[in-house]
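The values are calculated or read from the model by the stated rules, or taken from the named source; none is laboratory data. The structure presented is a predicted model; accordingly, all values stated were derived computationally and were not measured. Here the Cβ positions follow ideal geometry from the backbone for every residue, glycine too, while neighbour counts run over all protein chains shown.
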């Protein structure tokens with residue numbers, strides 16, 4: 001069960017808020033300082049991707065982020081209401097032609113998170129990232 | 001010295017030895033990156049093809065920001081220009097390493113070093 005859940009309107013301005021929440025929850029959960037930057041960057045990438053997808057495909061649907069611990073790992077799941085196959089990130093004429101390949105952000109996430117799982121669910125596309133917790137501050141510590 | 005400022009991203013630029021220095025302070029992400037993109041486009045349109053982007057005060061950079069920098073590099077190279085970066089922060093350099101873009105950009109420790117390197121290549 002997620003420790004914290006965040007839902008936000010798919011606007012770029014809110015991605016920073018999701019990063020700040022993720023950093024706070026990660027630190028509280030026992031993620032080491034060395035990994036916090038990676039957590040923040042990975043969450044930012046996943047949320048930016050979700051925002052772009054929502055704005056093109058389902059602008060009325062919120063982006064959902066669930067954060068918490070599962071055993072000895074810290075997990076973050078970003079739920080994108082669109083599907084991977086339906087994502088038309090390069091089709092918006094308002095956007096400059098992509099200077100980086102489609103899927104670039106997923107590659108960045110894969111380089112940052114210890115483990116990444118991407119799956120299609122009934123609610124949309126789930127990007128689940130996880131990192132190991134330090135041994136001294138495991139799940140269950142009081143807030 | 002031209003200034004564009006918001007709580008998330010501050011952009012300053014000035015000319016030094018014929019090279020336009022862009023000082024970036026704050027976070028470059030999906031929300032703020034368009035402003036940096038617009039500035040780089042404006043500078044190129046004004047005829048500034050030798051650019052140095054100083055990222056020593058950048059606190060966050062994601063793939064959107066990388067895309068803006070790559071776009072800027074493409075624009076100046078279309079005019080036989082250059083876009084170099086100044087960055088010593090490991091947490092910012094990490095995303096360049098992950099993406100392999102350390103091989104694409106000249107990344108220097110100081111603005112003066114970036115200028116000297118560019119001048120010596122002319």
- request: Check segment B:44-59 and report whether any residue there is at the interface with chain A (Cβ under 9 Å from one of its Cβ atoms) and within 21 Å of residue A:11 (Cβ to Cβ).
  value: no
query: What number of residues within segment B:78-108 satisfy the criterion of being within 12 Å of another protein chain (Cβ to nearest Cβ) and more than 20 Å from residue A:43 (Cβ to Cβ)?
result: 3
- prompt: Any idea which of (1) more than 12 Å from the chain's Cα centre (by Cα); (2) at pLDDT 95 or above is the one residue A:32 doesn't satisfy?
  reply: (2)
message: Quick check on my filter: what residues within segment A:91-132 are surrounded by 15 or more Cβ atoms within 10 Å (Cβ to Cβ), at pLDDT below 90 and part of a loop (DSSP other than H, G, I, E, B)?
response: A:99, A:100
